[in-house]
1. Given a 1.4 Å probe and every protein chain left where it sits, what share in percent of the accessible area of the range 61-112 is carbon and sulfur?
2. Tell me the per residue accessible area of the chain using a 1.4 Å probe; a whole number in Å² is fine.
3. I'd like the FRET efficiency for LYS64 and ALA29, computed as 1/(1 + (r/R0)^6) with the beta carbon distance as r and R0 of 30 Å, rounded to 0.05.
Amino acid sequence: QVQPVEYGGGLVQPGGSLRLSCAASGRIAGINTMGWYRQAPGKERELVASIVSGGSTTYADSVKGRFTISRDNARNTVYLQMNSLNPEDTAVYYCRWLIGMRPYWGQGTQVTVSS
């Protein structure tokens with residue numbers, strides 16, 4: 001059973017940075033798309049950024065120029081570098097992997113941006 005696990009959430013001041021990572025143990029083949037989603041209180045879960053196996057990326061308009069997604073296929077890991085954070089970025093962040101046609105979700109990590 002593939003179980004991605006997120007790391008790196010926490011409390012940060014406005015204007016600060018955080019780096020999230022998401023990894024799973026074992027040999028895992030065929031991870032096509034790796035993505036980050038977030039869900040703020042009272043809001044629907046939304047796509048933040050995604051990256052396909054060839055390296056092409058997609059970003060939500062709200063994070064373009066501030067967040068960067070990357071992946072290390074050898075380590076089965078996806079990263080999300082978040083800069084210039086603001087309170088509107090406060091949410092639980094989830095990683096999602098697509099293997100074949102099946103999605104695998106992590107349990108989520110809380111990111112809180114507050115002074």
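The values are calculated or read from the model by the stated rules, or taken from the named source; none is laboratory data. A quick note: this is a predicted structure, and the numbers were derived from the prediction, not measured. We place every Cβ from the backbone using ideal geometry, glycine too, and count neighbours over all the protein chains shown. Ligands, DNA and RNA are excluded from the accessible area calculation, which covers all protein heavy atoms including side chains. Shrake-Rupley method; radii C 1.70, N 1.55, O 1.52, S 1.80 Å.
1. For the range 61-112, the apolar C and S fraction of the accessible surface comes to 47 percent.
2. Accessible area per residue, the chain: 55 Å².
3. My answer for the efficiency is 0.45.
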